[in-house]
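A short write-up of the structure that comes next.
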Amino acid sequence: MYPNIACSVSGCTDPVIGQCPGYKGSCGRYYCATHSAEKLCADCARQKLEDEIAQRTYEDYLQTAERLRRDLRWVGLPIVLGALLVFGLLGLGVGQSDVGVAVAIFYGGVIVASILVLMQQRKQEEVRLQEIRETKPAFPEFYRAWKKEKNKEALMTGLAIAGVIVAGTIAAAAESSSRERRVSEIEEGVRRAMR
């Protein structure tokens with residue numbers, strides 16, 4: 001008990017039982033048994049509870065976003081298999097007479113299938129986002145921001161891999177050129193020695 005000290009809640013006359021250490025920083029307010037939770041004043045306890053709720057909501061939204069993205073990957077599988085079959089057979093039929101045309105038809109089919117898959121995934125994504133919005137109103141905005149961040153990460157990873165491949169190719173070409181130069185120098189030295 002703290003004599004002659006009042007609870008920090010305006011108008012409260014209950015006896016003070018402690019001083020709040022603070023949540024995410026110092027506080028120093030005094031509190032009574034009615035206006036405290038877990039040795040925190042009412043304001044700090046409310047802030048801690050709000051943060052815990054926000055963290056649980058974030059984790060739930062994150063799990064939902066990952067599950068939605070995983071589910072959407074399989075949406076286009078029938079389209080891809082169908083397109084590969086149709087354009088593969090078409091390319092095989094034409095390929096007996098002209099291989100270049102067969103390859104062009106096959107890659108054209110891959111492009112058409114990719115476009116169809118993307119369209120189907122976006123359509124399914126919007127349907128699923130509307131379904132999820134019924135129970136999680138802010139989820140579509142969260143998902144779009146999360147997806148944008150994931151796409152940025154994937155792009156950076158892809159660029160890093162492409163950079164490594166380009167650097168390796170350049171290094172291999174330089175090594176090959178250097179090796180060819182050394183071989184030609186040795187051959188020239190042998191020719192001079194034989195004269």
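The values are calculated or read from the model by the stated rules, or taken from the named source; none is laboratory data. Predicted model only: the values in this text are computed from it and were never measured. In this analysis, Cβ positions are derived from the backbone assuming ideal geometry, glycine residues included, and neighbour counts consider all displayed protein chains.
The set of residues in segment 4-21 being more than 47 Å from the chain's Cα centre (by Cα), within 11 Å of residue 41 (Cα to Cα) and in a loop (DSSP other than H, G, I, E, B) consists of 7 alone. State whether the residues of segment 75-84 include one that is in a loop (DSSP other than H, G, I, E, B) and modelled with pLDDT of 70 or more. Taking every residue of segment 75-84 in turn, at least one turns out to be in a loop (DSSP other than H, G, I, E, B) and modelled with pLDDT of 70 or more. Condition test on residue 135, is it exposed (fewer than 10 other Cβ atoms within 10 Å of the Cβ) and hydroxyl-bearing (Ser, Thr, Tyr)? Yes: the conditions hold for residue 135. No other residue among 164, 117, 127 is more than 30 Å from residue 61 (Cα to Cα) and either β-branched (Val, Ile, Thr) or at pLDDT 75 or above (or both) apart from 164.
Which residues, counting only those in segment 120-154, are in a helix (DSSP H, G or I), more than 26 Å from residue 78 (Cα to Cα) and of a type in the set (A, V, I, L, M, F, W, C)? 139, 142, 145, 146, listed by residue number. Just one of the listed residues (45, 54, 65) is closer than 30 Å to residue 137 by Cα, touching a helix residue (DSSP H, G or I) at 6+ places or on another chain (Cβ under 9 Å) and modelled with pLDDT of 90 or more, and it is 65. Cβ-Cβ under 7 Å, sequence separation 6+ or interchain: first residue in segment 146-173 and surrounded by 10 or more Cβ atoms within 10 Å (Cβ to Cβ), partner at pLDDT 80 or above. Which pairs? Between residues of segment 146-173 that are surrounded by 10 or more Cβ atoms within 10 Å (Cβ to Cβ) and residues that are at pLDDT 80 or above, the close pairs are 146/65. Residues that are touching a Ser or Thr at 6+ places or on another chain (Cβ under 7 Å) and assigned to a strand (DSSP E or B) were ranked within segment 22-41; the one that is nearest to residue 51 (Cα to Cα) is 41.
Regarding residue 110, is this residue in contact with a Gly (Cβ under 7 Å, 6 or more places away or on another chain), surrounded by 11 or more Cβ atoms within 10 Å (Cβ to Cβ), at pLDDT 70 or above and over 30 Å from residue 57 (Cα atoms)? For residue 110, the condition - in contact with a Gly (Cβ under 7 Å, 6 or more places away or on another chain), surrounded by 11 or more Cβ atoms within 10 Å (Cβ to Cβ), at pLDDT 70 or above and over 30 Å from residue 57 (Cα atoms) - is not met.
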